[in-house]
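The values are calculated or read from the model by the stated rules, or taken from the named source; none is laboratory data. Computed from a predicted model, the values in this text were never measured in an experiment. As a convention, Cβ positions derive from the backbone with ideal geometry for all residues, glycine included, and neighbour counts pool all protein chains shown. We work out accessible area using only protein heavy atoms, side chains counted, and drop any ligands, DNA or RNA first. Shrake-Rupley method; radii C 1.70, N 1.55, O 1.52, S 1.80 Å.
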Amino acid sequence: MRTHLLVALLSLSFTVIAGSPPDCRNTPSPGPIENEILVKFGPVNARAQAMLALNATEIERLDVAGAKVEHWRVPNGQGDLALAALQKRTDVVYAEHNASGIEDVMPNDPLATKYQWWVRSPTTTCGPEGTPGVAWCSPCPQPVDADVDLEDAWTITTGILDDLHPIADAEFGEVDATHPDRLAARWINPGEIAGNGIDDDHNGFIDDVYGWDFWLNRATGTTTHYEAHSTAVAGMIGGGGNNGYGGVGAAWNVSVMSLGVSGSVNTWINALNYAVGKNARVINYSLGTPTFTQTLHDAICAAPIIVTASSGNQGFDLDNQANNWYPAKFDCANIITVGASNCTANSNGQLNFNFGATTVDLVAPGADIVTDNGPLNPGPCVPSGRAVTGCAWSCQGCAIVPPACGSDDPNVLSTSGGCGPLVELSGTSFSAPLVAGILSLGYSIDSGMTITQAKNALLTTCDVSAPYQGKYVCNGKANAYRFLQSVQTLGGSPPGRCCRK
(Lines give C-alpha, C1' and ligand atoms only; values in the text may rest on other atoms or scores of the structure.)
Protein backbone atom coordinates (compact mmCIF):
# COMPACT_ATOMS: atom_id res chain seq x y z
CA MET A 1 0.00 0.00 0.00
CA ARG A 2 1.39 3.38 -0.94
CA THR A 3 1.74 6.10 1.67
CA HIS A 4 0.57 9.59 0.76
CA LEU A 5 0.92 12.89 2.61
CA LEU A 6 -2.68 13.97 2.33
CA VAL A 7 -3.90 17.43 1.59
CA ALA A 8 -7.68 17.15 1.85
CA LEU A 9 -9.22 19.46 -0.69
CA LEU A 10 -12.41 20.87 0.73
CA SER A 11 -14.30 22.13 -2.28
CA LEU A 12 -17.35 24.33 -2.51
CA SER A 13 -19.25 22.58 -5.24
CA PHE A 14 -21.72 24.38 -7.49
CA THR A 15 -22.60 21.30 -9.52
CA VAL A 16 -26.03 19.64 -9.68
CA ILE A 17 -26.95 15.97 -9.52
CA ALA A 18 -26.46 14.27 -12.86
CA GLY A 19 -29.71 13.99 -14.78
CA SER A 20 -31.47 16.74 -12.86
CA PRO A 21 -32.54 20.01 -14.54
CA PRO A 22 -29.80 22.66 -14.59
CA ASP A 23 -30.02 24.94 -11.57
CA CYS A 24 -29.66 28.53 -12.80
CA ARG A 25 -31.07 30.19 -9.70
CA ASN A 26 -29.11 33.05 -8.23
CA THR A 27 -26.51 32.14 -5.63
CA PRO A 28 -27.29 33.79 -2.26
CA SER A 29 -25.05 36.71 -1.42
CA PRO A 30 -22.50 35.93 1.28
CA GLY A 31 -24.00 36.52 4.69
CA PRO A 32 -26.70 35.08 6.97
CA ILE A 33 -29.16 32.54 5.54
CA GLU A 34 -32.47 33.92 6.76
CA ASN A 35 -34.49 30.71 7.11
CA GLU A 36 -31.72 28.44 8.46
CA ILE A 37 -30.70 28.40 12.12
CA LEU A 38 -27.88 26.74 14.04
CA VAL A 39 -28.89 26.12 17.65
CA LYS A 40 -27.07 24.54 20.56
CA PHE A 41 -29.25 23.37 23.45
CA GLY A 42 -28.17 22.84 27.03
CA PRO A 43 -28.31 19.37 28.60
CA VAL A 44 -31.80 20.01 29.98
CA ASN A 45 -34.05 21.35 27.27
CA ALA A 46 -37.42 21.37 25.61
CA ARG A 47 -36.21 21.30 22.03
CA ALA A 48 -39.22 19.35 20.71
CA GLN A 49 -41.63 22.00 21.94
CA ALA A 50 -39.40 24.71 20.48
CA MET A 51 -39.40 23.04 17.07
CA LEU A 52 -43.17 22.70 17.13
CA ALA A 53 -43.72 26.30 18.19
CA LEU A 54 -41.46 27.64 15.43
CA ASN A 55 -42.69 25.22 12.74
CA ALA A 56 -39.06 24.20 12.29
CA THR A 57 -37.62 21.09 10.68
CA GLU A 58 -34.28 19.55 11.58
CA ILE A 59 -31.85 19.21 8.66
CA GLU A 60 -28.93 17.62 10.49
CA ARG A 61 -26.90 17.61 13.70
CA LEU A 62 -23.35 18.90 13.50
CA ASP A 63 -20.47 17.56 15.60
CA VAL A 64 -18.87 20.69 17.07
CA ALA A 65 -16.15 20.58 19.73
CA GLY A 66 -17.50 17.38 21.26
CA ALA A 67 -21.13 18.53 21.32
CA LYS A 68 -24.12 18.62 18.96
CA VAL A 69 -25.37 21.73 17.19
CA GLU A 70 -28.69 21.38 15.40
CA HIS A 71 -29.24 22.77 11.92
CA TRP A 72 -32.87 23.85 11.50
CA ARG A 73 -34.96 25.27 8.68
CA VAL A 74 -37.90 27.55 9.45
CA PRO A 75 -40.52 28.98 7.06
CA ASN A 76 -39.32 31.73 4.72
CA GLY A 77 -39.72 35.16 6.27
CA GLN A 78 -39.77 33.76 9.82
CA GLY A 79 -36.05 33.33 10.37
CA ASP A 80 -35.35 36.49 12.35
CA LEU A 81 -38.40 36.00 14.58
CA ALA A 82 -37.52 32.35 15.20
CA LEU A 83 -33.93 33.28 16.01
CA ALA A 84 -35.02 35.95 18.49
CA ALA A 85 -37.36 33.47 20.19
CA LEU A 86 -34.60 30.88 20.55
CA GLN A 87 -32.11 33.40 21.90
CA LYS A 88 -34.52 34.23 24.72
CA ARG A 89 -34.82 30.62 25.87
CA THR A 90 -32.91 29.62 28.98
CA ASP A 91 -32.27 26.11 27.61
CA VAL A 92 -30.43 27.46 24.55
CA VAL A 93 -26.66 27.93 24.79
CA TYR A 94 -26.65 29.94 21.57
CA ALA A 95 -28.62 30.29 18.36
CA GLU A 96 -27.56 31.98 15.14
CA HIS A 97 -28.33 32.03 11.44
CA ASN A 98 -26.49 29.62 9.19
CA ALA A 99 -24.31 31.62 6.81
CA SER A 100 -23.32 31.60 3.16
CA GLY A 101 -19.83 32.25 1.85
CA ILE A 102 -17.91 32.54 -1.38
CA GLU A 103 -14.54 31.49 -2.76
CA ASP A 104 -11.59 33.87 -2.47
CA VAL A 105 -10.76 34.01 -6.17
CA MET A 106 -10.39 36.99 -8.51
CA PRO A 107 -11.18 36.96 -12.27
CA ASN A 108 -8.77 35.69 -14.92
CA ASP A 109 -6.69 38.20 -16.82
CA PRO A 110 -7.53 37.22 -20.42
CA LEU A 111 -4.23 38.67 -21.67
CA ALA A 112 -2.09 36.81 -19.14
CA THR A 113 1.00 35.05 -20.46
CA LYS A 114 2.84 34.65 -17.17
CA TYR A 115 4.41 31.53 -15.73
CA GLN A 116 5.24 30.33 -12.26
CA TRP A 117 7.36 33.24 -11.04
CA TRP A 118 6.76 32.31 -7.38
CA VAL A 119 8.88 29.13 -7.58
CA ARG A 120 12.30 30.49 -8.58
CA SER A 121 14.93 31.25 -5.94
CA PRO A 122 16.78 33.10 -4.53
CA THR A 123 15.25 35.99 -6.47
CA THR A 124 12.69 36.24 -9.23
CA THR A 125 14.38 37.06 -12.54
CA CYS A 126 12.06 38.43 -15.19
CA GLY A 127 12.60 38.54 -18.94
CA PRO A 128 10.81 38.41 -22.28
CA GLU A 129 8.27 35.66 -22.66
CA GLY A 130 9.87 32.45 -23.81
CA THR A 131 13.35 33.22 -22.49
CA PRO A 132 14.79 29.83 -21.43
CA GLY A 133 15.02 29.40 -17.67
CA VAL A 134 13.47 32.78 -16.92
CA ALA A 135 10.17 33.35 -15.15
CA TRP A 136 7.73 35.72 -16.83
CA CYS A 137 5.68 38.35 -15.08
CA SER A 138 4.34 41.66 -16.33
CA PRO A 139 4.98 44.45 -15.75
CA CYS A 140 8.50 43.10 -15.37
CA PRO A 141 10.24 44.74 -12.39
CA GLN A 142 13.89 44.83 -11.54
CA PRO A 143 14.86 41.51 -9.92
CA VAL A 144 13.12 41.31 -6.55
CA ASP A 145 12.73 38.61 -3.94
CA ALA A 146 9.10 37.87 -4.72
CA ASP A 147 9.21 34.06 -4.71
CA VAL A 148 9.11 31.66 -1.74
CA ASP A 149 12.41 29.87 -2.42
CA LEU A 150 10.79 26.61 -3.46
CA GLU A 151 13.69 25.59 -5.69
CA ASP A 152 15.99 25.70 -2.69
CA ALA A 153 13.36 23.95 -0.53
CA TRP A 154 13.20 21.06 -3.01
CA THR A 155 16.89 20.37 -2.43
CA ILE A 156 15.78 19.29 1.07
CA THR A 157 12.53 17.49 0.19
CA THR A 158 9.88 17.36 -2.50
CA GLY A 159 7.39 15.77 -0.10
CA ILE A 160 6.25 12.25 0.63
CA LEU A 161 3.06 10.32 -0.05
CA ASP A 162 1.22 9.33 3.14
CA ASP A 163 -2.45 8.39 2.88
CA LEU A 164 -2.66 7.76 6.63
CA HIS A 165 -1.79 11.28 7.80
CA PRO A 166 -3.48 13.87 5.60
CA ILE A 167 -3.08 17.63 5.13
CA ALA A 168 -6.38 19.25 4.16
CA ASP A 169 -7.48 22.22 2.03
CA ALA A 170 -10.90 23.89 1.81
CA GLU A 171 -12.29 25.49 -1.34
CA PHE A 172 -14.86 25.37 -4.10
CA GLY A 173 -15.77 22.45 -6.39
CA GLU A 174 -14.66 18.88 -6.93
CA VAL A 175 -11.16 18.44 -8.34
CA ASP A 176 -10.65 17.37 -11.94
CA ALA A 177 -9.10 14.01 -11.14
CA THR A 178 -8.37 13.40 -14.86
CA HIS A 179 -5.78 16.21 -15.05
CA PRO A 180 -2.35 14.52 -15.28
CA ASP A 181 -0.96 16.56 -12.39
CA ARG A 182 -3.97 15.72 -10.23
CA LEU A 183 -3.76 11.98 -10.94
CA ALA A 184 -0.30 12.06 -9.37
CA ALA A 185 -1.64 13.81 -6.28
CA ARG A 186 -4.95 12.07 -5.62
CA TRP A 187 -5.59 10.81 -2.10
CA ILE A 188 -6.76 7.20 -1.90
CA ASN A 189 -8.68 6.23 1.22
CA PRO A 190 -6.70 3.28 2.59
CA GLY A 191 -9.75 1.88 4.38
CA GLU A 192 -12.18 1.84 1.44
CA ILE A 193 -12.65 -0.60 -1.44
CA ALA A 194 -13.75 1.10 -4.65
CA GLY A 195 -17.13 0.36 -6.13
CA ASN A 196 -18.39 -2.34 -3.76
CA GLY A 197 -21.24 -0.25 -2.33
CA ILE A 198 -20.04 -0.87 1.24
CA ASP A 199 -18.81 1.52 3.92
CA ASP A 200 -15.62 -0.49 4.42
CA ASP A 201 -13.96 1.90 6.90
CA HIS A 202 -17.20 2.42 8.87
CA ASN A 203 -17.04 6.24 8.76
CA GLY A 204 -20.60 6.69 7.47
CA PHE A 205 -19.67 7.21 3.78
CA ILE A 206 -19.98 4.54 1.10
CA ASP A 207 -17.19 4.21 -1.48
CA ASP A 208 -15.45 7.43 -0.39
CA VAL A 209 -12.26 6.32 -2.08
CA TYR A 210 -11.14 9.84 -3.05
CA GLY A 211 -13.27 11.92 -0.68
CA TRP A 212 -16.85 13.10 -0.28
CA ASP A 213 -19.14 15.85 -1.60
CA PHE A 214 -21.12 17.18 1.37
CA TRP A 215 -23.58 19.15 -0.75
CA LEU A 216 -24.53 16.45 -3.22
CA ASN A 217 -24.00 13.64 -0.69
CA ARG A 218 -21.91 11.44 -2.95
CA ALA A 219 -18.36 10.21 -3.35
CA THR A 220 -16.05 12.58 -5.21
CA GLY A 221 -13.95 11.63 -8.20
CA THR A 222 -16.68 9.51 -9.77
CA THR A 223 -18.24 11.99 -12.23
CA THR A 224 -17.09 14.42 -14.90
CA HIS A 225 -18.67 17.41 -13.12
CA TYR A 226 -15.73 19.34 -11.74
CA GLU A 227 -15.04 22.97 -10.92
CA ALA A 228 -12.05 25.02 -12.08
CA HIS A 229 -11.43 26.75 -8.76
CA SER A 230 -10.83 23.50 -6.89
CA THR A 231 -8.49 22.17 -9.57
CA ALA A 232 -6.50 25.41 -9.52
CA VAL A 233 -6.21 25.35 -5.71
CA ALA A 234 -5.09 21.71 -5.78
CA GLY A 235 -2.42 22.74 -8.26
CA MET A 236 -0.99 25.22 -5.74
CA ILE A 237 -0.68 22.54 -3.07
CA GLY A 238 1.31 20.39 -5.46
CA GLY A 239 1.48 17.17 -7.37
CA GLY A 240 2.94 16.02 -10.64
CA GLY A 241 6.37 17.57 -10.14
CA ASN A 242 9.13 16.70 -12.60
CA ASN A 243 6.67 14.87 -14.86
CA GLY A 244 7.19 16.99 -17.98
CA TYR A 245 3.61 18.21 -17.92
CA GLY A 246 2.13 21.59 -17.06
CA GLY A 247 3.29 23.26 -13.85
CA VAL A 248 4.02 22.32 -10.26
CA GLY A 249 2.79 23.35 -6.82
CA ALA A 250 4.59 23.48 -3.49
CA ALA A 251 5.05 19.70 -3.11
CA TRP A 252 5.78 17.24 -5.90
CA ASN A 253 4.62 14.32 -3.76
CA VAL A 254 1.39 15.03 -1.92
CA SER A 255 -2.11 13.57 -1.74
CA VAL A 256 -5.17 15.73 -2.30
CA MET A 257 -8.49 14.64 -0.80
CA SER A 258 -11.39 16.11 -2.77
CA LEU A 259 -14.22 17.23 -0.48
CA GLY A 260 -17.18 19.14 -1.85
CA VAL A 261 -19.11 21.69 0.19
CA SER A 262 -21.83 24.18 -0.60
CA GLY A 263 -21.85 27.86 0.25
CA SER A 264 -23.36 27.10 3.65
CA VAL A 265 -20.99 26.87 6.60
CA ASN A 266 -22.65 23.76 8.01
CA THR A 267 -21.14 21.80 5.11
CA TRP A 268 -17.73 23.34 5.86
CA ILE A 269 -18.00 21.86 9.35
CA ASN A 270 -19.01 18.42 8.07
CA ALA A 271 -16.05 18.37 5.71
CA LEU A 272 -13.72 19.54 8.47
CA ASN A 273 -14.89 16.66 10.66
CA TYR A 274 -14.31 14.24 7.78
CA ALA A 275 -10.74 15.47 7.31
CA VAL A 276 -10.03 15.27 11.03
CA GLY A 277 -11.46 11.75 11.06
CA LYS A 278 -8.85 10.85 8.44
CA ASN A 279 -6.06 12.28 10.60
CA ALA A 280 -5.49 15.37 8.51
CA ARG A 281 -2.72 17.64 9.76
CA VAL A 282 -3.58 20.80 7.80
CA ILE A 283 -6.78 22.01 6.16
CA ASN A 284 -6.88 25.02 3.86
CA TYR A 285 -10.06 27.11 3.53
CA SER A 286 -9.93 29.05 0.25
CA LEU A 287 -13.35 30.50 0.98
CA GLY A 288 -14.97 32.90 3.41
CA THR A 289 -18.04 34.65 4.72
CA PRO A 290 -18.51 38.06 6.34
CA THR A 291 -20.85 36.51 8.90
CA PHE A 292 -19.48 35.35 12.24
CA THR A 293 -20.95 32.05 13.37
CA GLN A 294 -20.13 30.63 16.79
CA THR A 295 -20.66 27.14 15.41
CA LEU A 296 -17.94 27.40 12.76
CA HIS A 297 -15.65 29.18 15.23
CA ASP A 298 -16.00 26.46 17.86
CA ALA A 299 -15.60 23.64 15.32
CA ILE A 300 -12.37 25.05 13.90
CA CYS A 301 -10.86 26.06 17.25
CA ALA A 302 -11.44 22.57 18.66
CA ALA A 303 -10.07 20.71 15.63
CA PRO A 304 -6.65 19.07 16.12
CA ILE A 305 -5.44 20.42 12.80
CA ILE A 306 -3.76 23.50 11.33
CA VAL A 307 -6.17 25.68 9.33
CA THR A 308 -4.68 27.82 6.57
CA ALA A 309 -7.33 30.41 5.68
CA SER A 310 -7.42 32.82 2.75
CA SER A 311 -7.69 36.39 3.99
CA GLY A 312 -10.13 37.53 1.28
CA ASN A 313 -10.03 39.88 -1.70
CA GLN A 314 -11.98 42.94 -0.58
CA GLY A 315 -9.01 45.20 0.19
CA PHE A 316 -10.02 45.27 3.88
CA ASP A 317 -7.87 45.90 6.91
CA LEU A 318 -9.18 43.00 8.99
CA ASP A 319 -7.86 44.68 12.15
CA ASN A 320 -10.73 47.13 11.74
CA GLN A 321 -13.71 45.81 13.71
CA ALA A 322 -16.03 46.89 10.88
CA ASN A 323 -14.30 44.55 8.40
CA ASN A 324 -15.01 40.85 8.79
CA TRP A 325 -14.04 37.70 6.88
CA TYR A 326 -14.31 34.24 8.39
CA PRO A 327 -12.70 31.84 9.09
CA ALA A 328 -9.70 34.10 8.39
CA LYS A 329 -10.46 36.42 11.31
CA PHE A 330 -11.23 33.78 13.93
CA ASP A 331 -9.02 33.96 17.04
CA CYS A 332 -8.21 30.22 17.00
CA ALA A 333 -4.65 29.25 17.89
CA ASN A 334 -4.58 26.70 15.05
CA ILE A 335 -5.38 29.17 12.23
CA ILE A 336 -2.75 30.61 9.88
CA THR A 337 -4.36 33.44 7.90
CA VAL A 338 -2.69 34.12 4.55
CA GLY A 339 -2.71 37.29 2.47
CA ALA A 340 -1.42 37.52 -1.10
CA SER A 341 1.54 39.15 -2.84
CA ASN A 342 2.51 39.68 -6.47
CA CYS A 343 5.63 39.31 -8.62
CA THR A 344 6.81 42.81 -7.72
CA ALA A 345 7.01 41.75 -4.04
CA ASN A 346 4.05 43.92 -3.08
CA SER A 347 1.00 42.89 -1.11
CA ASN A 348 -2.03 45.05 -1.63
CA GLY A 349 -2.61 48.55 -3.04
CA GLN A 350 -4.45 47.92 -6.30
CA LEU A 351 -4.51 44.18 -5.62
CA ASN A 352 -7.42 44.39 -3.15
CA PHE A 353 -6.20 41.58 -0.91
CA ASN A 354 -7.19 41.76 2.75
CA PHE A 355 -4.46 42.46 5.30
CA GLY A 356 -4.14 43.12 9.03
CA ALA A 357 -1.17 43.70 11.31
CA THR A 358 -2.67 41.50 14.03
CA THR A 359 -5.15 39.35 12.09
CA VAL A 360 -3.33 38.20 8.90
CA ASP A 361 -0.21 36.20 9.68
CA LEU A 362 1.81 36.44 6.48
CA VAL A 363 1.58 36.65 2.72
CA ALA A 364 2.38 34.21 -0.07
CA PRO A 365 2.22 34.68 -3.84
CA GLY A 366 -1.38 34.98 -4.98
CA ALA A 367 -1.52 37.43 -7.91
CA ASP A 368 -1.01 36.35 -11.52
CA ILE A 369 -0.60 32.74 -10.42
CA VAL A 370 -0.25 30.05 -13.07
CA THR A 371 -1.76 26.79 -11.87
CA ASP A 372 -3.70 23.74 -13.05
CA ASN A 373 -6.64 24.45 -15.33
CA GLY A 374 -10.03 22.81 -15.03
CA PRO A 375 -11.17 19.88 -17.20
CA LEU A 376 -11.80 20.01 -20.93
CA ASN A 377 -15.34 18.64 -20.61
CA PRO A 378 -18.32 20.72 -19.46
CA GLY A 379 -20.44 20.14 -16.40
CA PRO A 380 -24.06 21.23 -15.97
CA CYS A 381 -25.30 24.78 -15.57
CA VAL A 382 -24.72 26.16 -12.12
CA PRO A 383 -26.19 28.92 -9.93
CA SER A 384 -25.71 32.48 -11.22
CA GLY A 385 -24.29 31.22 -14.49
CA ARG A 386 -20.69 30.86 -13.34
CA ALA A 387 -18.41 28.63 -15.38
CA VAL A 388 -18.04 25.02 -14.33
CA THR A 389 -14.57 24.46 -15.75
CA GLY A 390 -11.36 26.33 -16.37
CA CYS A 391 -12.09 26.23 -20.09
CA ALA A 392 -14.66 28.98 -19.65
CA TRP A 393 -17.76 26.96 -20.40
CA SER A 394 -20.64 29.18 -19.38
CA CYS A 395 -24.33 29.05 -18.59
CA GLN A 396 -26.54 31.33 -20.66
CA GLY A 397 -30.22 30.92 -19.88
CA CYS A 398 -29.59 27.36 -18.73
CA ALA A 399 -27.86 26.45 -21.99
CA ILE A 400 -24.27 25.26 -21.87
CA VAL A 401 -22.12 27.39 -24.18
CA PRO A 402 -18.73 25.96 -25.16
CA PRO A 403 -15.59 28.05 -25.23
CA ALA A 404 -13.35 28.73 -28.19
CA CYS A 405 -10.85 26.15 -27.02
CA GLY A 406 -7.17 26.87 -27.31
CA SER A 407 -4.27 24.48 -27.37
CA ASP A 408 -4.19 21.34 -25.24
CA ASP A 409 -0.38 21.33 -25.39
CA PRO A 410 0.98 20.62 -21.86
CA ASN A 411 3.20 23.70 -22.03
CA VAL A 412 0.59 26.17 -23.25
CA LEU A 413 -1.09 28.56 -20.83
CA SER A 414 -4.85 29.05 -21.17
CA THR A 415 -6.41 32.47 -21.28
CA SER A 416 -10.04 32.99 -20.28
CA GLY A 417 -11.28 31.01 -23.31
CA GLY A 418 -8.54 28.42 -23.56
CA CYS A 419 -8.41 24.74 -22.68
CA GLY A 420 -4.75 24.17 -21.95
CA PRO A 421 -3.61 22.46 -18.73
CA LEU A 422 -2.57 25.73 -17.06
CA VAL A 423 -4.51 28.89 -16.32
CA GLU A 424 -3.62 32.25 -14.77
CA LEU A 425 -5.66 33.38 -11.75
CA SER A 426 -5.37 35.77 -8.81
CA GLY A 427 -6.68 35.71 -5.26
CA THR A 428 -5.92 34.69 -1.72
CA SER A 429 -7.57 31.41 -2.73
CA PHE A 430 -4.18 30.53 -4.20
CA SER A 431 -1.78 31.98 -1.63
CA ALA A 432 -3.38 30.00 1.22
CA PRO A 433 -3.05 26.53 -0.41
CA LEU A 434 0.53 27.39 -1.37
CA VAL A 435 1.22 27.74 2.36
CA ALA A 436 -0.64 24.47 3.03
CA GLY A 437 1.64 22.79 0.50
CA ILE A 438 4.72 24.27 2.16
CA LEU A 439 3.52 22.91 5.49
CA SER A 440 3.15 19.49 3.86
CA LEU A 441 6.85 19.64 2.95
CA GLY A 442 7.62 20.30 6.62
CA TYR A 443 5.57 17.33 7.77
CA SER A 444 7.42 15.13 5.29
CA ILE A 445 10.59 15.89 7.30
CA ASP A 446 9.11 15.81 10.81
CA SER A 447 5.80 13.98 10.99
CA GLY A 448 5.64 14.58 14.74
CA MET A 449 5.51 18.38 14.65
CA THR A 450 2.84 19.86 16.87
CA ILE A 451 0.52 22.56 15.61
CA THR A 452 2.41 25.15 17.66
CA GLN A 453 5.80 24.00 16.37
CA ALA A 454 4.73 24.01 12.73
CA LYS A 455 3.10 27.43 12.99
CA ASN A 456 6.04 28.96 14.83
CA ALA A 457 8.53 27.52 12.34
CA LEU A 458 6.57 29.05 9.46
CA LEU A 459 6.09 32.46 11.02
CA THR A 460 9.56 32.88 12.47
CA THR A 461 11.18 32.19 9.08
CA CYS A 462 9.09 34.51 6.93
CA ASP A 463 10.91 37.01 4.67
CA VAL A 464 10.53 40.38 6.39
CA SER A 465 10.61 43.33 3.99
CA ALA A 466 9.30 46.87 3.66
CA PRO A 467 6.20 46.23 1.49
CA TYR A 468 4.75 44.02 4.22
CA GLN A 469 5.76 46.00 7.30
CA GLY A 470 2.84 46.90 9.52
CA LYS A 471 0.35 44.95 7.39
CA TYR A 472 0.91 41.38 8.60
CA VAL A 473 1.78 39.67 11.87
CA CYS A 474 5.16 38.55 10.52
CA ASN A 475 5.75 41.66 8.40
CA GLY A 476 6.64 39.34 5.53
CA LYS A 477 5.95 36.43 3.21
CA ALA A 478 6.45 32.69 3.46
CA ASN A 479 9.91 31.26 2.78
CA ALA A 480 9.76 27.52 2.12
CA TYR A 481 13.52 26.92 2.31
CA ARG A 482 14.05 28.69 5.64
CA PHE A 483 10.92 26.98 7.01
CA LEU A 484 12.34 23.55 6.18
CA GLN A 485 15.69 24.47 7.69
CA SER A 486 13.84 25.37 10.90
CA VAL A 487 11.85 22.12 10.83
CA GLN A 488 15.11 20.18 10.58
CA THR A 489 16.08 21.58 13.99
CA LEU A 490 12.91 20.35 15.73
CA GLY A 491 12.52 18.84 18.61
CA GLY A 492 11.59 22.29 19.81
CA SER A 493 10.55 25.14 17.61
CA PRO A 494 12.17 28.53 18.20
CA PRO A 495 10.06 30.94 20.26
CA GLY A 496 7.28 32.43 18.18
CA ARG A 497 8.03 36.11 17.74
CA CYS A 498 5.01 36.69 15.59
CA CYS A 499 2.25 34.39 16.72
CA ARG A 500 -0.80 36.42 17.56
CA LYS A 501 -3.23 33.65 18.51
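Computed values, structure above
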{"read-out": "Solvent exposure of segment 272-376 as accessible area per residue, Å², 1.4 Å probe", "value": "25 Å²"}
{"read-out": "Inter-label distance for Ala84 and Gln469, nm, one decimal - labels placed 7 Å from Cα along Cα-to-Cβ", "value": "5.2 nm"}
{"read-out": "Cβ-defined net charge surrounding Ile156, 13 Å radius [Lys, Arg +1; Asp, Glu -1]", "value": "-3"}
{"read-out": "Sulfur and carbon atoms: percent of accessible area, segment 249-306 [1.4 Å]", "value": "51 percent"}
{"read-out": "Residues Asp331 and Ser29, FRET efficiency given R0 of 30 Å [Cβ-Cβ distance, rounded to 0.05]", "value": "0.75"}
{"read-out": "Listed peptides 476-487, 149-160, 64-75 by packing density, highest first (mean Cβ within 10 Å)", "value": "476-487, 149-160, 64-75"}
{"read-out": "Gain in span if fully extended, Asn76 to Gln485, counting 0.36 nm per residue against the direct Cα distance", "value": "141.7 nm"}
{"read-out": "Pair Gln294, Thr155: separation of 7 Å Cα→Cβ label points (nm)", "value": "5.3 nm"}
{"read-out": "Length gained when the stretch Ala46-Ile59 is fully extended (0.36 nm per residue, less Cα-Cα span)", "value": "2.9 nm"}
{"read-out": "Local electrostatic count, Leu62, Cβ distance below 9 Å [Lys/Arg +1, Asp/Glu -1]", "value": "-1"}
{"read-out": "Full-stretch length increase - Ala322, Ile198 - with 0.36 nm per residue and alpha-carbon distance subtracted", "value": "39.8 nm"}
